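All remarks here apply to the structure that follows.
Only the coordinates and a few stated rules stand behind these numbers; no lab work does. What you see is a predicted model; the values in this text were computed from it and never measured. Glycine gets a Cβ as well: all are built from the backbone with ideal geometry, and neighbour counts include every protein chain shown.
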Amino acid sequence: MLGGYWESIAIFLGINVLMSISLYVPMSAGLISLGQGGFMAIGAYVSALLTKGGVPFAPALLAGSAVAAAAGLLVGTPALRIRGIYVMILTLGFGEIVRVFFLNFDPAGGASGLVGIPPLTTLPAVLAACAVAFLIVWRLRHARLGRAMIAVHEDEVAAEAMGINLTRTKLLAFSIGAFIAGLAGGLYAHEALFIDANQFDFSRSAVTFLYVVLGGAANPFGPVLGAAIVTLLPEFLRFLQDWRMTFFGSLLILAAIWRPDGLLKAPVPRSR
Amino acid sequence: MLLQQLVNGLMLGSTYALVAIGYSLIFGVLRLLHLAHGEVFMVGAFAGLELVVWWHAGPIAALVGGLVGSALIGMLLEFVAFRPIRRRGNSHLAPIVSTIGAGLVIQEVMTKIFGSEQTAFPVHFSQTEYHLAGLTLDATQLFILAISFVAMLALHLFVTRTRYGIAMRATSENLRIAAVLGVNIDQVVLLTFALASGLGGLAGVLVGLNFNAISPYMGVEMGIKGMAVMLIGGLGSIYGAMAGGLILGIAEVLSVAYLSSSLRDGFAFGLMILILLLRPRGLFATGVAVER
Amino acid sequence: MTVLLQIDGVSRYFAGYTALSDVSTAVETGTIHAVIGPNGAGKTTLFNVVSGVLLPSSGQVRFAGVDYTRRKPDRVLAMGIARNFQQVRLFRGLSVLENVMIGRHCRMATGARGLLGLGIFNRAAETQARATAREMLEFVGIGARNERLPGELTLVDQRRLEIARALASDPRLLLLDEPAAGMNPAEVRELTGLIGRIRDRGITILMVEHHMRLVMAAADRITVLSAGRVIADGPPQQVQRDELVIAAYLGKPHAPAHGR
């Protein structure tokens, strides 16, 4: 298929697309998480420990995602009572707690990280995961839960008065997102083959936030586009050598000025 | 022993407080989560270092350097990265993207200039230790405590006694009403960035003095903790940020002393989440309605 | 006649003032019941209590004999009480049709047919909900504008849309908070007809309204609130002659005496 280098780029792109979708889901319910890296870490560590212990890849991935989703419920519960910036900082704190936990969790290598993870991630597996995740958000837009999430995002009082269970909707949005982030983490671990806690630090969560906001948080294609740009652009900026981040950071500022709502706008509603 | 720990905690906490006050000032006026504030703090540390290295300046001059250096960077960011977005609409996510972009730029530029390794911070106080009622404090510690409390007192006087400080508070109550009442919003915002960033720079130099080393990555952790402190104190409340910083500093020092040093950072955020559960609006809620 | 909604000794205090003080009234099944009163009388507060948005400080509300005072708004809707909002609160990012489908939310089956209960792939329920939503839009008279965003409608049509959204939940009791606000006389006549047709579907109506012509034309019973208290409660003819009511409205532009 592709050469080894480009295949590996494509796999990491797919993982980043999954991460962007993992944040897009809670964000469509108005919950902005700056802790997606934490869910990714949980998926990565749990699945890697399982495959190292002899569990087949697919069940290990699912188990990692399920634990991440459970953590999503746990974080989502305090997030029910708060909004906006509070949720952002709360999830940011959660991400840091997860990082510090794995940094000190000796059964998973502690500070020296987890090595010898079997190379099980393949490009088709990543593509399949992306396709399923994207299908879910795409369908969600025209389904009961997805509509409810948008309604909650726009007006919590009216949504609740129109029969939407706020608790259920927000927790589902949070844990679906966490599940997808956990899946991304599992795929990442079995491609990187070495993980340590600092790979899932705040910058991981912040860059996930960038994917969504840069691409457009009101359009399902937005996060995918954002992830593609943020992942691939630095690859094409190799001629800039050591100043890639400076160039990239400046581009972000310009994008925020010229396209404050992201590159893609909300799609015109089509009710069919 | 406990008293000694408390004083150490106050010292650590006062630097947290100075950083968190910056977050709170900016959040109060603009409702903006300034994700590059940690980097602004780091720039202050290096600005102070430069003065010391090139002009053999003393600690006071280093502080002034850190304050001015960070304030300039903060004002520059307002001009380049935030004001153009405000001019173009009221998106609430775009400015945060802009702060992330600004943080990336600052961090890489500083890494290119100073290298990515830790740099020593060569200011040496006399090694004299002062003994006071069972406490042992060296000159550095006394200096840090004194400077940060003077800075907080000065800020308090500024926002309560001066015209500009009062305009700033009015703006953070309600930007639109303040504008109608004739407050020059652009001026107030610029002043807020200068003040918030300057205090961050001050904290940068103090941290450099305390640990004798600085690095271009020091802003990340401090930035995250500063946000946690702002949340503990209550969004947009400068007194909340002061109290929250001191509480977190003391809690961290005690957790290292009595629990485990490796869990220190996790402990800080555990405390934050606990406080959020008990008091969702923070310890010193301002009553500011926070939407989105 | 059976009582559908019983409001029993409801009081609601806010910091520093009393919005409702020991309010009691009964809404009978199949009637149109109006709540009137000067501005600040507590009408909207009462609606918020009845729809579960606000918890009363004391007293209780019963629906078909069941005390639901502490239920959350979503469960109140599922029970059969739907409402509109005085300040129109539509979901601006959803199309007109989707707004109405939100009203159908609580009636859409989840269970085994939806993936993990998420309802993501439940096409049958979607199709059915869309059909109901279309029907409701036709019913309120804005059937041709399904694909638009609510912001593109006139304020009057936005009010109709809110009624369609509420009706989509199959309510037994419909709460209308000033449905005629901002309407011209022709539109008010049309609305009066619509309210009658809603009642003919077997839906009981409780409405707050300033527009006395509408109230007198449509209401079977009127409760008058003033400063958070019930000062009169009875059929329109009786309330119209009530001296307390006349006193409360003295000097007000919409005196009940102008009615009909």
Check: Taking the alpha-carbon set of chain A, what are its Rg and Dmax in Å?
Finding: 18.2, 56
Next item on the list: May I ask you to evaluate 6.51 cos²θ - 1.76 cosθ + 1.60, the Karplus curve with θ = phi - 60°, for each residue of region A:93-107 and list the ³J(HN,Hα) values in order in whole Hz, giving x for glycine and proline?
Entry: x, 4, x, 5, 4, 4, 4, 5, 4, 5, 4, 10, 8, 4, x
Next item on the list: For region A:133-254, evaluate the Debye formula with one uniform point scatterer on each Cα (no solvent term) and list log10 I(q)/I(0) at q = 0.13, 0.18, 0.23 Å⁻¹, rounded to two decimals.
Entry: -0.69, -1.11, -1.39
Notebook entry, point to check: What per residue convex hull volume, in Å³, do the alpha-carbon atoms of chain B yield?
Noted result: 133
Checklist line | Charge-dipole axis of the protein assembly as shown as Lys and Arg at +1 and Asp and Glu at -1 on Cβ define it, positive-most pick from A:Pro107, B:Asn174, A:Pro220 | finding: A:Pro220
Notebook entry, point to check: Against the longest alpha carbon principal axis of chain B, how many degrees, from 0 to 90 and to the nearest 10, is the axis of helix B:238-258 turned?
Noted result: 30
Margin query: For a protection proxy built on the mean count of beta-carbon atoms within 10 angstrom, sort B:142-152, C:34-44 highest first, please.
Written below: C:34-44, B:142-152
Margin query: Tell me the relative contact order for chain C as a rounded percent, counting alpha carbon contacts under 8 Å between residues six or more apart.
Written below: 25
Next item on the list: Would you please state the base-10 log of I(q)/I(0) at q = 0.29 1/Å for region A:129-170, with intensities from the Debye formula using one equal scatterer on every alpha carbon?
Entry: -0.91
Check: Between the helical axis of C:123-140 and the dominant principal axis of chain C, each derived from Cα atoms, what acute angle in degrees is found, rounded to the nearest 10?
Finding: 40
Item checked: Shielding by partners - mean other protein chain Cβ count within 10 Å, residues of B:77-86 -> 3
Next item on the list: Pairs of Cα atoms under 8 Å, at least six residues apart: use those to get the relative contact order of chain B, whole percent.
Entry: 37
Item checked: Around A:Leu114: net Lys/Arg minus Asp/Glu count, Cβ-Cβ under 15 Å -> -1
Next item on the list: Using +1 at the Cβ of each Lys and Arg and -1 at the Cβ of each Asp and Glu in region A:4-199, identify which of A:Leu61, A:Pro119, A:Tyr5 lies farthest towards the dipole's positive end.
Entry: A:Leu61
Checklist line | Sites matching trypsin sites (Lys or Arg not before Pro) across region A:66-123 that sit in DSSP coil, with at most 14 neighbouring C-beta atoms within 10 Å | finding: A:Arg81
Checklist line | Rg over Rh [alpha-carbon atoms, Kirkwood Rh] for region C:2-105 | finding: 0.99
Next item on the list: Mind checking which aspartates and glutamates have their Cα closer than 15 Å to the Cα of A:Lys170? Skip sequence neighbours fewer than 8 apart in that chain.
Entry: A:Glu154, A:Asp155, A:Glu156, A:Glu160, C:Asp74
Check: Can you pull the mean other chain C-beta count within 10 Å for peptide B:20-29?
Finding: 0
Item checked: Cβ crowding within 10 Å averaged over residues, with B:84-91, B:272-279 ranked highest first -> B:272-279, B:84-91
Note to self: Please give the Cα centre distance for region B:17-45 versus region C:45-111, rounded to the nearest Å.
What the structure shows: 42
Notebook entry, point to check: Order of C:225-231, C:235-241, B:220-226, B:99-105 by packing, highest average Cβ count within 10 Å first?
Noted result: B:99-105, B:220-226, C:225-231, C:235-241
Check: Around C:Pro56, with a cut-off of 13 angstrom between Cβ atoms, what is the net charge of the other residues, counting Lys and Arg +1 and Asp and Glu -1?
Finding: +1
Notebook entry, point to check: lysines within cross-link reach of C:Lys43: Cα-Cα under 19 Å, excluding same-chain residues under 8 positions apart?
Noted result: C:Lys252
Check: If you line up the long axis of helix C:185-200 against the longest principal axis of chain C, both from Cα atoms, how many degrees apart are they, to the nearest 10?
Finding: 70
Note to self: Quick check for me: using +1 on Lys/Arg Cβ and -1 on Asp/Glu Cβ, what's the dipole size of region A:111-181 about its Cα centre, in debye to the nearest 20?
What the structure shows: 240
Checklist line | Nearest-20 debye value, chain C charge dipole, Cβ charges on Lys, Arg, Asp, Glu | finding: 480
Notebook entry, point to check: Averaged over B:265-272, how many beta carbons belonging to a partner chain fall within 10 Å of each residue's beta carbon?
Noted result: 6
Next item on the list: Compute the label zone of A:Arg81 within region B:229-243: residues whose backbone N is under 19 Å from the point 7 Å along Cα-to-Cβ.
Entry: B:229-236
Checklist line | Computed P(r) (all Cα pairs; the protein assembly as shown; 20 Å bins; percent) | finding: 15, 41, 32, 12, 1
